[in-house]
Structure formats: C-alpha cells, structure tokens
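Undergrad: Questions regarding the structure given below will be posed in turn.
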Amino acid sequence: MQVERHTEVDSFLGHAGEFLLEREAEHNLTLGLCAHLRRDPRLYGDDPYFAVALEDGSVVATALRTPPHNLVLSEIDDLRALEPLGDDVGAAFDALPGVLGPTEAAACFAHTWEARTGTHARIELNQRIYRAEEAIAPEGVDGRMRPFAEDDHGLVVGWLDAFVAEALPAAPPDDSESMLRHRQRDPEGGIVIWEDGEPVSFAGFGGPTPNGIRIGPVYTPPELRRRGYASALTAELTRILLGDDRRFCFLFTDLSNPTSNTIYQRIGYRPVTDVDLWVFGHTAYHP
C-alpha cells in the first residue's frame, strides 16, 4: 500500500478524480471542496492537504483536509489503507479536530488516531447522504422562495447561530459569519429565503461537483416548524438547481432527526450512504 501526498488540487484530481467521480454522491463534499480550492487554494486558511492511497497502482482511498477543519475521508475500498493514511496524516499534522467519513472507515480511523495521539475520540454526528434527480413540491404550503438580500444578514446569522447550536454544538462560535461569507463568495452558491409575509426559513447551497451541487444548511425556527416551509423551500431550490443542467442535488441529514430524513424523501431525495463525524476534543463544521 502506497500513499501519495499532493499539494495542489489539480494534481490530486488528476490521480483520484475518476475514483471520486464513480461515486459522485458519496464524494460530493470532497469534490465540492476541490471546486472551491481550484478557485482559491487557501480559501479556508492554511494550505490544503490531499492524500491518495494506492494498491498496485489503483486508488483505494483518499483524504482531504482544509485546516483548521476536519479530515474528510473518501469511500475506502480497502480498509488496510487507513493505517498508511493515518501515518501520513500524523506526519502532516500534530493534531486534528475530527474526521468525517464512511461509518466503518471513520470509526477505524478515529480509534487508530486515538491510540496514536492519546486524544479521546467520540462520535459527534451520524449522518446520511441523500441524492435527488427530481424535485417533488409539497402541496398547500404558503409563501414563496426569494434570493437572500443584504437586509437579511442579521436574521440569517442569527438563524445560523441557532442551527449550529442545535445541530452542531461543538462548532466554534464564529462559524455562522464564516458559513455566510463562504456562501456569498461562492459563484455557484448562495442563500435563499422562504417568505410567508415575513422570512420563515432559509437554505444554503454550494460545493459544486461535476454533475451536481450540495444543499445545506436548511433551517426553520422551532416556532415556525410543521408548516412545510423547509420542505417547500428545499423542493423549489432543488428544482431550480436541477434546471441549470445539473443531474443531481445532494444533502446531508442528521440521522437522529427522523423528521428531516422523512421530509426530504417526500420531495425526491433518496438515501445513498451513511457517514459519521468523530471529534478529538472539539471540531469545526465544514462549510
């Protein structure tokens, strides 16, 4: 087993792009990050880290990190790759905030990292990746979708704070401004609002892949839930994004939230695979 480290996104994709694209939904986060990094290699702060594990010349796994964020693992075709990948990650970084990856692989890496560094590992989130190739609008939901306006800034930052506190309690307090800035900078991303007399829900989108794009976060304040706003907003946004010559939209859900996992399937999303976030002391949400 051999691990090759890359310093540039084009070199990384030149070696691993075909492997990643074969399972585009599973790798939508890695591919979306690569799209951002091609535009701005230091978008997230320090130089990014890319690694490719090969067995007999064939790619069996990849790892990507944009410090200070989590390590992101691809699908792992041979779990033996995790040991040399861990060695290379350990040579590159003294510490990690966390690792996100397929359930079995993320657990194996987390326990290996725990043994290597003495840092306590714990699971923070069980997530599911969904893919949509069509949008099914729910009936009877009042309101309409509109673009984000600068007057929405304070409201959306507050909603992002609430989203992070509810869904990502280990995220740092400045993440809301960071997420909003990243969405506003992304030429293929943004924020949209569902309005029913007043703003009642919002959704972000970004992280383009060769044939798709990711939706998230999606948030409705607790007092406005169970009225279909998030479903209608996500369905309408999905319809528009698919209409821009894309084949897919992707999103991540928290498996501990049965409501979101149900409503997204009603509007056209189908489950693809499960991924887990393990943290080492604390973690940061990955935009």
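Undergrad: Can you list the strands (runs of 3 or more DSSP E) lying wholly within region 194-256 that have 1 or more residues being farther than 17 Å from Met145 by Cα and out of contact with any helix residue (DSSP H, G or I) (no Cβ under 7 Å at 6 or more places or on another chain)?
TA: Result: 248-254.
Undergrad: While we're on this one: From Leu233, Leu251, Leu242, which residue is out of contact with any Asp or Glu (no Cβ under 6 Å at 6 or more places or on another chain) and surrounded by fewer than 22 Cβ atoms within 10 Å (Cβ to Cβ)?
TA: Residue meeting the stated conditions: Leu242.
Undergrad: Against the definition (closer than 20 Å to Leu43 by Cβ and of a type in the set (S, T, N, Q)), how does Ser178 come out, yes or no?
TA: Working: closer than 20 Å to Leu43 by Cβ: yes; of a type in the set (S, T, N, Q): yes.
Yes: the conditions hold for Ser178.
Undergrad: Among the residues of region 60-91, write down those that are touching a Lys or Arg at 6+ places or on another chain (Cβ under 8 Å) and crowded, with 16+ Cβ neighbours inside 10 Å.
TA: Selection gives Leu71, Val72, Glu75, Gly86, Asp88, Val89.
Undergrad: Moving on to the next point. Of all the strands (runs of 3 or more DSSP E) wholly in region 85-148, which have at least 3 residues that are within 30 Å of Gly228 (Cβ to Cβ) and not aliphatic (A, V, I, L, M)?
TA: Fully inside region 85-148 and qualifying: 121-132, 144-147.
Undergrad: For residues that are charged (D, E, K, R), at pLDDT below 85 and not in a helix (DSSP H, G or I), scanning just region 168-193, find the one that is farthest from Leu224 (Cα to Cα).
TA: Step by step, filter region 168-193, then rank; the result is Asp186.
Undergrad: Right, next: Being within 14 Å of the chain's Cα centre (by Cα), closer than 18 Å to His6 by Cβ and of a type in the set (A, V, I, L, M, F, W, C) is the filter here, so list the residues in region 67-105 that pass it.
TA: Leu71, Val72, Leu73
Undergrad: Still on this model: Only one of these is touching a residue at least 40 places away in the same chain (Cβ under 8 Å), over 18 Å from the mean Cα position of the chain (by Cα) and farther than 22 Å from Val272 by Cβ: Val52, Val59. Name it.
TA: Answer to the selection: Val52.
The values are calculated or read from the model by the stated rules, or taken from the named source; none is laboratory data. Because the structure is predicted, anything quoted here is derived from the model rather than measured. For neighbour counting, all protein chains shown are included, and Cβ atoms are generated from backbone atoms with ideal geometry for every residue, glycine included.
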